[in-house]
Amino acid sequence: MTGRPNTSGVIIGKTLARYFSTLVAGMNSVGTGWIFALMVLVNVDVFSRFIFNFPIQGVAEVVELSIVGIVFLQISDAVRAGRLTRSDGLYGMILERRPKLGHFLGAVFDLSGTFFFVAILLGAIPRLIEAYERGYFAGNEGLFVVPVWPIRLILVAGCLVVALQFVVLAWRHVIALQTDGSLRK
């Protein structure tokens, strides 16, 4: 037995973190592309209404459902980057003056975010199953219909990923508490 510490857990952890970060960035990119496609669709609809007096059927329904999908695709990246709306003036001051207390509060806040999104997840899963099994749709039969379950699936996946992102952030605060108090990315 050598005197070197076993670092395989660290390597696996860093690899998982890299894959998770790629997943979060990928979801954000899909959401951004979806925004662009939605922008094109709305502009083509406006153009079609104005020039040909012929609107594209279902644009309102697609926009309505897309907003939910886009939010849940992009929210985990907003959490990761620290861009989720929050008031952190006092928290920043505490973190600067008393790092241990600040990291403790950061871990508590991030775990609260985890529990909040797990609660949404637990409420959304039955609605996803119901929408899939019963064939729920948005729109008007005969004109335009779109199934609702894909958006609910995105909502469930987004809640799961953002809850995991909050766990990652909380874990970083716990590590900072155990070390010198500096937060590593």
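Scanning the range 62-96 for residues that are without any contact (Cβ under 8 Å) to a residue 12 or more places away in the chain and among the polar types (S, T, N, Q) yields T85, S87. Scanning the range 29-54 for residues that are surrounded by 13 or more Cβ atoms within 10 Å (Cβ to Cβ) and in contact with a helix residue (DSSP H, G or I) (Cβ under 8 Å, 6 or more places away or on another chain) yields V30, G31, T32, W34, I35, L38, L41, V42, D45. Somewhere in the range 137-144, is a residue modelled with pLDDT under 95, surrounded by 18 or more Cβ atoms within 10 Å (Cβ to Cβ) and not hydrophobic (A, V, I, L, M, F, W, C)? So far as the range 137-144 goes, yes, one or more of its residues are modelled with pLDDT under 95, surrounded by 18 or more Cβ atoms within 10 Å (Cβ to Cβ) and not hydrophobic (A, V, I, L, M, F, W, C).
Picking from residues in the range 79-134 that are more than 21 Å from V148 (Cβ to Cβ) and among the acidic types (D, E), the one that is nearest to the chain's Cα centre (by Cα) is D110. Pairs are defined by a Cβ separation below 7 Å, a sequence spacing of at least 6 or placement on different chains, a first member in the range 123-138 that is within 21 Å of A60 (Cβ to Cβ), and a second member that is small (G, A, S) and modelled with pLDDT under 95; no pair meets this definition.
Annotation for the range 18-25: no member residue is surrounded by 14 or more Cβ atoms within 10 Å (Cβ to Cβ) and within 21 Å of V148 (Cα to Cα). Taken over the range 81-123, the criterion of being closer than 17 Å to V174 by Cβ and either buried (at least 19 other Cβ atoms within 10 Å of the Cβ) or among the hydroxyl-bearing types (S, T, Y) (or both) is satisfied by Y91, L95, G102, H103, G106, A107, D110, S112, G113, T114.
The values are calculated or read from the model by the stated rules, or taken from the named source; none is laboratory data. Since we're looking at a predicted model, the values are computed, not measured. Ideal geometry is used to build each Cβ from the backbone, glycine not excepted, and the neighbour counts take in all protein chains shown.
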